[in-house]
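Working notes for the structure below.
The values are calculated or read from the model by the stated rules, or taken from the named source; none is laboratory data. If you're wondering where the values come from, they're calculated on a predicted model, not measured in any experiment. Methodologically, a virtual Cβ is constructed for each residue, glycine included, from the backbone with ideal geometry; neighbour enumeration extends over all protein chains shown. Only protein heavy atoms, including side chains, enter the accessible area calculation; ligands, DNA and RNA are left aside. Shrake-Rupley method; radii C 1.70, N 1.55, O 1.52, S 1.80 Å.
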Amino acid sequence: MLDTILSIFGIGGEKKPNFAALNPDDVDGYYRASHEIDQAERESPEALKATYARYGLKNEDHWDEVRGAFAMRHKNNPDFAFGAARVGLEVQIKDMAAKSYAFPMNVLDPVDGVTLDRLAYIVASAEAAGPSAYAQFGLDPARFERIQSEWSSRMSASADPFSANILSSQYHVYLLQARGVVSRGGAAF
């Protein structure tokens, strides 16, 4: 209690960030929890209470504190910005599969270790710095071209049209995010 009063007046040590039962380094896990909490809020107070308990949260104020801790920990991490979109896409695909659409589940598998959001970040980096940017991602131009070609084929009209449309749309979201991160001098992830 005394620490709380002293912190109001800017006196005392720094408060340790509170991540509840979430792994502070698991960006996707954070966004999955956020999605589950959002869904539970819409369902019922009982569902929300059970979801809070699953993540070691006491209440909405505690969840707000955890969200703030994640935001501070990852404020300079470009992967944090991509995490929300990445988990959103994952949830969308699972929802479609639950509704009987046979979404090709391997369509999100990385190509030679490069996920769709990372491809967008590499492209944005190369737009800003030229092909020499590939090296910071452990790629040479030929390997990058193979990776980009495979992703492009997954997003083309010759692929499953529905999944190609979703991937293409999501890629452009990632690319806009990546351009913003690169323009602010964000580090590679």
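Projected label points at residue 49 and residue 91, each 7 Å from Cα along the beta carbon direction, are separated by 2.4 nanometres. When the square roots of the Cα gyration tensor eigenvalues are ordered a ≥ b ≥ c, the ratio a/c for the range 85-189 is 1.5 or more and a/b exceeds b/c, which makes its shape prolate. Across the protein chains, with a 1.4 Å probe defining accessible surface, the residues 176, 139 rank 176, 139 from largest area downward.
Helix 161-183 and the long axis of the chain differ in direction by around 70°, with both axes built from C-alpha atoms. Judged by the mean number of other Cβ atoms found within 10 Å, the most tightly packed of the peptides 124-134, 34-44, 80-90 leads the ranking 80-90, 124-134, 34-44.
Would you work out the relative contact order for the chain, in percent, from Cα pairs under 8 angstrom that are 6 or more residues apart? Rounded, it is 22 percent for the chain.
Normalised size of the chain, defined as Cα radius of gyration per 2.2 N^0.38 Å with N residues, equals 1.24. Taking one quarter of the surface of the C-alpha convex hull of the range 14-109 gives a mean projected area of 7.3 nm².
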